[in-house]
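Working notes, beginning with the structure itself.
What follows draws every value from the coordinates through simple rules; no lab data is involved. From a predicted model like this one, the values you see are computed outputs, not experimental measurements. Ideal geometry is used to build each Cβ from the backbone, glycine not excepted, and the neighbour counts take in all protein chains shown.
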Amino acid sequence: MNRRRFRSALWLSGVLCMVLNAAWASAGPDCNRNCLLDIASAYMDSLSANDPSGAPFAATLRSTENGQPTALSAGIWASARGWRYRHTFVDPVSGSIGVLGVVSEGADQDAMVGLRLKVEARKIVESELLVTRQGDFPLFAPRASSEPRPVFDEPIPADRRATRSQLGEIPRHYFDAIREGNPDLVPVHPDANRVENGVQTTNNADFGASASVHEGLRRLIYMQRARALRVPVIDPENGLAFAIVAVDMPEMTRTLTIRSKPVEINPQRQHLPRTLFLFELFKVQGGQIREIEAVMRNMPLGTDIGWPVAAAH
């Protein structure tokens with residue numbers, strides 16, 4: 001390439017960068033649904049390329065992976081090869097993005113990923129990653145799905161939508177119901193389903209301990225403390241509430257009586273003690289939980305998830 005052509009190419013490159021930067025920064029601090037989806041796409045494509053320069057990160061970015069401060073040159077940012085599954089949801093009111101997905105790290109190695117991004121002035125100021133690999137949690141089926149379940153994309157008729165406040169309370173009521181072993185504390189549709197790390201754990205004849213979501217809430221009383229619970233993404237239009245929480249499970253030995261039958265809780269059966277890091281998406285229709293999708297991993301009891309409760313609201 002001669003010098004004139006080189007200067008022309010350099011000039012065109014500079015113009016392109018200016019145009020892209022203007023696209024991110026124009027129109028002030030507001031970022032609507034499409035804007036947030038574009039930023040999410042840029043982030044995920046950049047992660048696949050192991051190159052953060054393609055996403056609009058703020059100079060003040062705070063980034064964590066599994067609760068620990070992590071540079072964008074380390075962790076999943078260094079090992080990712082591409083997305084096998086991605087489910088994205090956004091909240092223009094809070095400027096937040098949520099993603100549940102599967103990242104390939106090699107021919108036979110996948111990681112399940114939960115992601116929260118906070119956007120201000122069209123820049124990503126917070127990145128919170130949960131990365132789960134084989135062995136981090138007993139349930140792990142990263143190739144179970146290639147597309148989000150259609151129910152999550154079904155809009156709620158305007159006259160049947162829950163308010164932001166009501167949606168924000170659903171995860172709190174859900175974890176109250178778990179702690180108390182009382183499913184009546186949260187409204188659940190009788191046909192609701194829950195998917196954990198790609199495995200449908202409710203109403204599934206192929207899953208040995210399968211029950212309904214409602215019935216399952218009676219059996220999880222060993223999940224005693226929902227700590228640092230946040231609901232960063234609330235989407236009344238689609239009836240979505242995305243929660244992030246650390247759930248402490250201390251050592252416990254107890255026998256419950258459920259439908260006149262004994263249910264044993266002990267350290268061996270429930271792998272106690274431990275803390276569960278959990279990114280969980282709720283679909284709410286007609287005021288009831290209709291579907292749940294979750295990415296999770298076990299951690300030592302009491303592990304700090306790395307963000308204060310006030311973050312991501």
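Observations, loosely collected:
- For the stretch 184-221, the residues whose backbone nitrogen is under 17 Å from a point 7 Å from the Cα of Leu272, taken along Cα to Cβ, are 217-221.
- In order along the stretch 118-128, the phi-based Karplus estimate (6.51 cos²θ - 1.76 cosθ + 1.60, θ = phi - 60°) of 3J(HN,Hα) comes to 10, 10, 9, 6, 6, 10, 7, 9, 9, 9, 10 Hz; Gly and Pro are listed as x.
- Taking the centroid of alpha carbons for each part, the stretch 186-221 and the stretch 35-63 are 35 Å apart.
- Relative contact order of the chain, taken over Cα pairs closer than 8 Å and 6 or more residues apart, is 16 percent.
- Of the DSSP H helices in the chain, those whose Cα atoms cover at least 18 Å axially and whose Kyte score averages 0.0 or more: 3-25, 33-48
- Ordering of 117-125, 131-139 by burial proxy (mean other Cβ atoms within 10 Å per residue, highest first): 117-125, 131-139
- Difference of contour (0.36 nm per residue) and Cα-Cα distance, Gln224 to Ala158: 20.1 nm
- Highest average first, the peptides 235-241, 63-69 ordered by how many other beta carbon atoms sit within 10 Å of their residues are 235-241, 63-69.
- The simple spin-label model puts a point 7 Å past each Cα toward its Cβ; for Asp38 and Arg84 those points are separated by 3.2 nm.
- Looking at the chain alone, DSSP beta bridges between its own residues are antiparallel in about 85 percent of cases.
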